[in-house]
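In what follows, a single structure is set out as structure tokens and then discussed.
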Amino acid sequence: MLDPVMFQIAIIAMVTISVGGLAYVFLYPLLSGERKSGQRMKAVAQRGTNSKTSAGTAETHSRRKQVQDSLKELEKNEKAKKKRISLRDFIVQAGFSLQVRTFYIISLAFGLFVALCTFFVTTTPIVILGAFAAGTFGFPRWVLSFMRSRRQKKFLAEFPNAIDVIVRGVKAGLPFNDTVRMIASESAEPVKSEFRDVVESQSIGLPIAEGLARVYDRVPLPEVNFLAIVIAIQSQSGGNLAEALSNLSRVLRERKKIQGKIKAMSQEAKSSAAIIAALPFMVMLLVYITTPEYIALLWEEKAGQMMLLGSAVWMSLGILTMKKMINFDF
């Protein structure tokens, strides 16, 4: 066992050595001038490198700064656009030219028609009110959503071909505006009508980048946003437009290929979900065909109607959950 005096001396020695080591590490470069000499050598080396490539480096930094400024501006505009889509925008994205008031009138008329048809089947107020709500607020908006999705799929199927037309035209020496006019006159719908709007906006003095940004407002797809970003950056900082658009076309085709793979891989899960969702309705139909008096209690008795309502709610939740599980974003 160590003597207490020797133990204290050992502790003091270890603390002294530790403090001395820390002081050597942090203070010696400042006191000896080693850090300053290293900084001077680095500055001299940097001046030598800059003297060799000053022109190219300055041009690269300037171009990079322009690209960064363009991306920041586009990101700011994108954040400003991220708001709840109004009904008017939804109607435009679906490809209709209806006014909002006209859409409300059509929805109300259809809801009254559905409620009247339901009245001839049953006189239960809750059922009639539910049919009216579904016919007024549910089905018309579902039709809008379906038409909007179908229009975007048709646009996406034709969009890479339109970009290839631009690439071939630019490589052949045609101006970019002429290639856009070719797409507006020869492509399939809805790409044709959207690029026709771009041409018309150019005729009144709107820049091509802003015209493509307006296309993104009507067709809110990431692919359209990619094209708008490429054109905006190229118009501000320059560069090889044909190469940039060729890369964009390749990216779009790869995205479409990945979409096909995801669809093929998830088809089994979708089929299983469809079978599971249809199974209760098929069993109910078979029971009604075989023994109608056995299952008629569900809509003849008050308790049966409440059970049907609860079953419809839970079935809807289950179907929506399965749909969320088998739909993949990419």
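Within the option set 270, 256, 324, 261, being assigned to a helix (DSSP H, G or I) and exposed (fewer than 10 other Cβ atoms within 10 Å of the Cβ) holds for one residue only, 324. Flag: residue 188 matches the condition of being within 17 Å of residue 224 (Cα to Cα) and loosely packed, with under 15 Cβ neighbours inside 10 Å.
The set of residues in the stretch 281-301 being part of a helix (DSSP H, G or I) and hydrophobic (A, V, I, L, M, F, W, C) consists of 281, 282, 283, 284, 285, 286, 287, 289, 295, 297, 298, 299. Scanning the stretch 69-84 for residues that are of a type outside the set (Lys, Arg) and either exposed (fewer than 12 other Cβ atoms within 10 Å of the Cβ) or modelled with pLDDT of 85 or more (or both) turns up 75, 80. The condition of being assigned to a helix (DSSP H, G or I), closer than 30 Å to residue 88 by Cα and modelled with pLDDT of 85 or more does not hold for residue 220.
Listed here are the helices (runs of 4 or more DSSP H) enclosed by the stretch 100-182 that have at least 2 residues being at pLDDT 90 or above and surrounded by 15 or more Cβ atoms within 10 Å (Cβ to Cβ): 100-121, 139-171. Whether any residue in the stretch 274-286 is in the same structural domain as residue 313 (by TED's automatic domain parsing) and either aromatic (Phe, Trp, Tyr) or in contact with a Cys (Cβ under 7 Å, 6 or more places away or on another chain) (or both) is what I want to check. Looking for residues that are in the same structural domain as residue 313 (by TED's automatic domain parsing) and either aromatic (Phe, Trp, Tyr) or in contact with a Cys (Cβ under 7 Å, 6 or more places away or on another chain) (or both), one finds at least one in the stretch 274-286, hence yes.
The values are calculated or read from the model by the stated rules, or taken from the named source; none is laboratory data. Computed from a predicted model, the values in this text were never measured in an experiment. In this analysis, Cβ positions are derived from the backbone assuming ideal geometry, glycine residues included, and neighbour counts consider all displayed protein chains.
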